Amino acid sequence: MRKYVFIGCGCFVGAILRYLIEGIKITGYHENVPLNTLFINISGAFLMALILTVAFEIWVFDSDIRLGLTTGILGAYTTFSTMCKEASTLLFQGDYFSAISYLTVSTILGLGAVYIGIVVAHEVGLKLLQKKKNDDTVNGDESGVD
């Protein structure tokens, strides 16, 4: 039951974040590609990869918290269905180039964001492990085990 509370609270936060970011008007931007949704999906892909890499490979934390952050917040924050609806709208308007560009850029940047999220998580994790090892050595605990 606890996991459902974490997921529900996360969904509440993620949906509000998405709504707020979708409402931001970009001054001087007059193209058809929806940049707000693109930003939401790319940042969500990065954060999902970062959090899951940390959770499974670097610093194991409570599965309910992990579900709240990923399935809850990021599941409600990112929006595949909105991306598809916006691309379909562009197609029905006859703006084929913008629709294809939007889907292509979303896919490439999304995969790139996931890759960067994994790399950042590994780099930060290595630094934290090295710092802990150095701290343990300075404190006289050379085994590195608490």
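The values are calculated or read from the model by the stated rules, or taken from the named source; none is laboratory data. Predicted, not measured: the structure shown is a model, and the values here were computed from it. Every residue, glycine among them, receives a Cβ derived from its backbone with ideal geometry; neighbour counts consider all protein chains shown. Each accessible area value is taken on the protein alone, full model and side chains, heavy atoms only, with ligands, DNA and RNA left out. Shrake-Rupley method; radii C 1.70, N 1.55, O 1.52, S 1.80 Å.
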Can you give me the % of accessible surface on the stretch 1-127 that is carbon or sulfur? Probe 1.4 Å, all protein chains present, nothing else counted.
73 percent
So if I place +1 on the C-beta of Lys and Arg and -1 on the C-beta of Asp and Glu, and nothing else carries charge, what would the dipole magnitude of the chain be about its Cα centre? I want it in debye, nearest 20.
340 debye
Scattering from the C-alpha atoms of the stretch 35-86 alone, worked out with Debye: what is log10 I(q)/I(0) at q = 0.15, 0.20, 0.29 1/Å?
-0.43, -0.68, -1.07
Contact order relative to length of the chain, as percent, for alpha carbon pairs under 8 angstrom and 6 or more apart:
35 percent
Please list 3J(HN,Hα) in residue order for the stretch 101-113, calculated via the Karplus relation 6.51 cos²θ - 1.76 cosθ + 1.60 where θ = phi - 60°; whole Hz, with x for glycine and proline.
4, 4, 5, 5, 5, 4, 5, 5, 5, x, 5, x, 5
Which residues among the stretch 62-77 fall inside the zone where the amide N is under 20 Å from a point 7 Å beyond the Cα of Lys132, along Cα→Cβ?
62-67
Please give the per residue accessible area of the chain, computed with a probe of 1.4 Å over protein heavy atoms only, in Å².
66 Å²
